[in-house]
Structure formats: C-alpha cells, structure tokens
Amino acid sequence: MKHNLLIILIISIFTISTTQKVFSQADTLLNFCSNYLPYPYISDGQQYRTLLNTGETAEFYATFYGGTTYRIVACAGISEGNLIFNLYDKDRNMLFSSKDNKNTPFWDFKFTSTVDCIIEAQLDERGPASGFAIILIGFKQ
C-alpha cells in the first residue's frame, strides 16, 4: 500500500512539474508573438494555440469583416520563420501563404466585404521537429 502511494506521489509530482513547464513555454511564446501586434493593432482577444510535430497541420477558423485592416501573426519558437501559415477562403482558395513570402511571421490585409476564412499552420521542416504554434489576429484601430 505504501509502495503504491509512493508511486502515485512521484507520478503526480512529475506530471505537475511537466505541465508547468509546458504552460511556461506557451506563455513565453505568446509574449514573443505579441511583439508583432504593436500599436495601432489591437488583439481580437483570441489565442489560437496547438502543439505540432513536423508534418502535422493545424486548422483554425476566423471571420474577417469588410473594411477593417487585420494582421495575422504566426509563431513557433522564439525565432522568426519556424511556422508556415496559409490563409484560405471557405472554398479553399488560397489568399496568402507565408511560405511564398520568406516565412514572414505576420501579414497585414483588408477585405472589402466579410469573409469566413481557414488558417492553416505547420512547422517549417528546417526548424524544430515539434513545438507550440500560436496564431494571433489583430485589427487596426
């Protein structure tokens, strides 16, 4: 009985310490990404986060309103160019690819009418094998 309790205690401590490190990494990355949303951009309040391995693709959905200037920020790690992101309309027509723009970590754009979009994110094969991917969306005041 004491042996089982000791094992449970050790596993619990390991799980708690690992979880804290993971959240700490995500918070550090979020702070790094936020640097790409300077004034006059304001975050829409959403944080699109996921853990990716090389070869995996994450998909997020967003609605952009006509007449507003937006900025999409995409980060994975604390150096630029680790994350490739693509923006598609709801019919999967590509509107932007960061890969075609030297893996830029952000893109500014404006639609004339409201558009529902799909944002895909994947790690660049030349970067880390796994890591958190964060997408932020801001709009211009």
> What do you reckon, is Phe109 buried (at least 20 other Cβ atoms within 10 Å of the Cβ) and closer than 23 Å to Gly66 by Cα?
Replying inline: no
>> Return the pair list, or none, for Cβ contacts closer than 6 Å from residues in segment 65-89 that are in contact (Cβ under 8 Å) with a residue 60 or more places away in the chain to residues that are surrounded by fewer than 17 Cβ atoms within 10 Å (Cβ to Cβ), at least 6 apart or on different chains.
In response: Thr69/Lys110; Thr69/Lys140; Tyr70/Phe109; Arg71/Asp108
>> Please determine whether any residue of segment 39-46 is modelled with pLDDT of 95 or more, under 19 Å from Lys140 (Cβ atoms) and under 13 Å from the mean Cα position of the chain (by Cα).
In response: no
> Only one of (1) part of a strand (DSSP E or B); (2) of a type in the set (Lys, Arg); (3) under 22 Å from Ala129 (Cα atoms) fails for Arg71. Which number is that?
Replying inline: (3)
> Which numbered condition trips up Lys2, out of (1) at pLDDT 60 or above; (2) under 19 Å from the mean Cα position of the chain (by Cα)?
Replying inline: (2)
> Does Gln122 qualify as being touching a helix residue (DSSP H, G or I) at 6+ places or on another chain (Cβ under 7 Å) and in contact (Cβ under 8 Å) with a residue 40 or more places away in the chain?
Replying inline: no
>> Yes or no: segment 87-96 includes at least one residue that is at pLDDT below 95 and outside any strand (DSSP E or B).
In response: no
>> Can you pull out every residue in segment 118-141 that is crowded, with 16+ Cβ neighbours inside 10 Å and within 20 Å of Leu37 (Cα to Cα)?
In response: Ile119, Glu120, Ala121, Phe132, Ala133, Ile134, Ile135, Leu136, Ile137, Gly138, Phe139
> Could you list, in sequence order, the residues of segment 53-68 that are assigned to a strand (DSSP E or B) and modelled with pLDDT under 95?
Replying inline: Asn53
> Which one of these does Thr104 not meet: (1) outside any strand (DSSP E or B); (2) more than 23 Å from Lys140 (Cβ to Cβ); (3) not aromatic (Phe, Trp, Tyr)?
Replying inline: (2)
> What do you reckon, is Ile72 under 20 Å from Asn31 (Cα atoms) and of a type in the set (A, V, I, L, M)?
Replying inline: yes
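The values are calculated or read from the model by the stated rules, or taken from the named source; none is laboratory data. Remember, predicted model here, so these are calculated numbers, not experimental data. Quick reminder, even Gly has a Cβ in these numbers, built from the backbone with ideal geometry, and neighbours come from all protein chains shown.
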